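**Q** Below you'll find the structure I mean.
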Ligand code: GLY
């Protein structure tokens with residue numbers, strides 16, 4: 001309490017010449033000031049700090065986390081770390097994302113206090129007209145939508161690196177891309193998920209000479225523990241670092257991309273490649289029970305769906321409900337949000353989205369009123385048709401730095417190893433994001449989600465996504481979260497938000513058992529441990545269809561798998577501590593990635 005210097009007492013010169021009464025009154029005043037100053041100092045101590053003491057990164061691979069950490073140690077900020085982590089993931093997790101794909105970067109700039117959404121989603125090539133994805137008999141040509149050159153949109157990730165470096169970072173791309181270049185050139189140890197994924201996509205990947213040249217060594221595919229080197233990718237990254245946008249979208253790399261696509265029968269033009277631009281968009285933000293949630297706007301479907309679901313659920317105190325009713329109501333909110341996703345959402349540069357209505361409290365209240373407290377609403381009352389669910393790839397990382405800057409980034413090449421096509425000499429595995437368009441209206445894509453006009457392909461249009469990088473902020477806690485998982489991303493982020501609201505720590509949020517409903521198919525899909533048998537019985541009695549692990553024996557399809565790879569960082573403002581949560585399902589180097597670093 002240095003403000004009360006010992007000389008500033010009743011004997012101080014300030015009181016000289018006062019009467020006894022005045023001295024008494026002044027003494028009372030001083031005592032009051034003294035004690036209220038204590039109270040004031042206490043209140044000041046309770047003000048949350050404006051930034052953490054350190055920094056934290058959670059990503060799906062320990063080497064990608066290390067790349068981000070290296071940037072922070074070299075004086076970079078969260079945005080530099082994001083470029084390094086993103087680029088390193090592109091090298092060490094080619095199954096999920098890469099330079100040939102795209103992503104969404106939700107940024108919080110501590111200097112301005114602003115949140116911004118960097119949309120680096122792929123765009124449709126002009127040649128990719130809906131009729132190109134039909135077989136002669138009019139059926140949907142799934143192979144074209146998912147494999148090879150017609151499946152690929154114009155990549156966005158390289159442009160995102162350049163944009164973030166120019167506008168938000170402190171370090172040059174030569175520095176932020178250096179760890180990824182090293183990993184591509186010197187290699188990294190192959191892990192089980194890469195091998196499993198390769199086996200599932202082998203037939204497609206080995207169609208293409210450029211892909212064979214990267215993934216086969218003396219004719220053999222990679223085994224766990226092999227060192228996987230990608231020298232072409234290292235050179236492409238170096239060119240990008242040296243020349244910026246022109247290092248990828250024009251010149252030598254662009255020529256090779258165009259030639260590789262053309263050689264496999266695809267049609268990209270030099271103009272559409274050179275014309276690719278990221279978009280900065282205003283994030284969606286809303287309140288949920290004392291949290292400010294900041295999340296992804298279209299062309300992500302996730303933010304609007306999250307706003308709908310959480311604002312519907314705000315009508316109940318979920319923590320006071322028994323598990324069956326909590327799941328019932330949460331599922332009913334999911335069902336309604338996914339129905340709206342199907343009909344209304346697409347690229348906001350091309351379609352008018354009723355975003356304000358869909359994310360409003362009144363709309364949520366209206367939807368809430370349609371929910372029976374004890375009975376499932378059959379999805380076909382909300383119209384639609386049965387669709388399958390399939391597997392997926394994508395990746396997410398979360399960062400917070402010592403200035404309070406934040407990044408939530410989800411990036412993807414869509415399905416496992418994207419389109420399977422690497423244009424020779426580039427090392428760039430192209431995405432198969434075209435399948436995220438409604439290529440044939442009303443026909444489910446690989447995630448079983450459908451769409452209509454709002455998400456029809458058009459030249460230069462971005463395909464609808466489920467990627468939902470998200471921040472949540474209360475007076476006490478700040479969390480950054482997101483995950484891969486196709487259409488299930490949205491419900492995983494929802495469960496993550498609810499988990500934080502329940503008071504869980506970051507690791508518990510990442511590990512939460514998951515359940516999912518997406519309107520069609522009309523059933524709750526769940527991981528093992530998400531729905532106890534007695535709760536399942538209650539949910540069935542309410543009219544819910546269930547797809548649970550182990551149901552196969554009873555004739556059900558059964559959810560024999562787990563999903564997602566949620567990566568989150570949490571800043572507890574009360575204790576000013578940072579923590580990370582990395583999904584125990586699919587993180588490589590689990591434990592090692594849970595790193596909090598002290599920034600310079
Ligand atoms: N490719 C998956 C998504 O963006 O939703």
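Each reported figure results from applying straightforward, stated rules to the coordinates on display, with no laboratory input. This structure is a prediction, so every number in the text was calculated from the model and none was measured. Cβ: placed from backbone, ideal geometry, glycine included. Neighbour counts: every protein chain shown.
**Q** Shape call for region 197-271 from the C-alpha gyration tensor, a ≥ b ≥ c root eigenvalues: rounded (a/c under 1.5), prolate (a/b greater than b/c) or oblate?
**A** oblate
**Q** Need the full-extension length gain, residue 53 to residue 356, defined as separation in residues times 0.36 nm minus the C-alpha distance. One decimal, nm.
**A** Between residue 53 and residue 356, full extension yields an extra 105.3 nm.
**Q** In addition: Write down the percent of antiparallel bridges among all DSSP beta bridges whose residues are both part of the chain, to the nearest 5.
**A** 95
**Q** Along Cα→Cβ, 7 Å out, is where each label goes; now give me the distance between the ones at residue 452 and residue 508 in nm to one decimal.
**A** 4.3
**Q** Sticking with this structure for a sec: Once you have the Cα-Cα distance between residue 135 and residue 541, take 0.36 nm times their residue separation minus that, and quote the gain in nm to one decimal.
**A** Additional length available on full extension: 141.9 nm.
**Q** Turning to a different aspect of this structure: Against the longest principal axis of the chain, how steep is helix 251-263, in degrees 0 to 90 to the nearest 10, with axes from Cα atoms?
**A** On a 0 to 90 degree scale, this one is about 40.
**Q** So, one more: Counting only C-alpha contacts under 8 Å and six or more residues apart, can you give the relative contact order of the chain as a whole percent?
**A** Contact order relative to length: 22 percent.
**Q** Sticking with this one: Starting from the Cα gyration tensor of region 93-134, take the square roots of the eigenvalues, sort them a ≥ b ≥ c, and report rounded, prolate or oblate (rounded when a/c is under 1.5, otherwise prolate if a/b is larger than b/c, else oblate).
**A** Oblate is the answer for region 93-134, as a/c is 1.5 or above yet b/c matches or exceeds a/b.
**Q** Please report Rg over Rh for the chain, where both radii come from the alpha carbon positions and Rh follows the Kirkwood definition.
**A** Computed over Cα atoms, the ratio is 1.05.
**Q** Here's a follow-up. What angle, in degrees between 0 and 90 and rounded to the nearest 10, separates the Cα long axis of helix 302-313 from the longest principal axis of the Cα atoms of the chain?
**A** The angle comes out near 60 degrees.
**Q** Using only the Cα atoms of region 303-456, build the gyration tensor, take square roots of its eigenvalues as a ≥ b ≥ c, and label the shape rounded, prolate or oblate: rounded if a/c is under 1.5, else prolate if a/b is larger than b/c, else oblate.
**A** Prolate.
**Q** Report the relative contact order of region 160-306, percent, no decimals, based on alpha-carbon pairs under 8 angstrom and at least 6 residues apart.
**A** 20
**Q** Helix 192-205 against the longest principal axis of the chain: what's the angle in degrees, Cα atoms only, rounded to the nearest 10?
**A** Orientation of helix 192-205: about 30 degrees from the principal axis.
**Q** Give the order of 309, 467 when sorted by the count of other beta carbons within 10 angstrom, beginning with the fewest.
**A** The most exposed by this proxy come first: 309, 467.
**Q** Using the Cα atoms of region 179-335 to build a convex hull, what is its mean projected area in square nanometres?
**A** Its average projected convex-hull area is 14.5 nm².
**Q** Could you give the C-alpha radius of gyration of region 417-548 expressed as a fraction of 2.2 N^0.38 Å, taking N as the number of residues it contains?
**A** Relative to the 2.2 N^0.38 Å estimate, region 417-548 comes out at 1.30.
**Q** Points 7 angstrom from Cα along the Cβ direction at residue 277 and residue 403: gap in nanometres?
**A** Simple spin-label model gives 2.6 nm for this pair.
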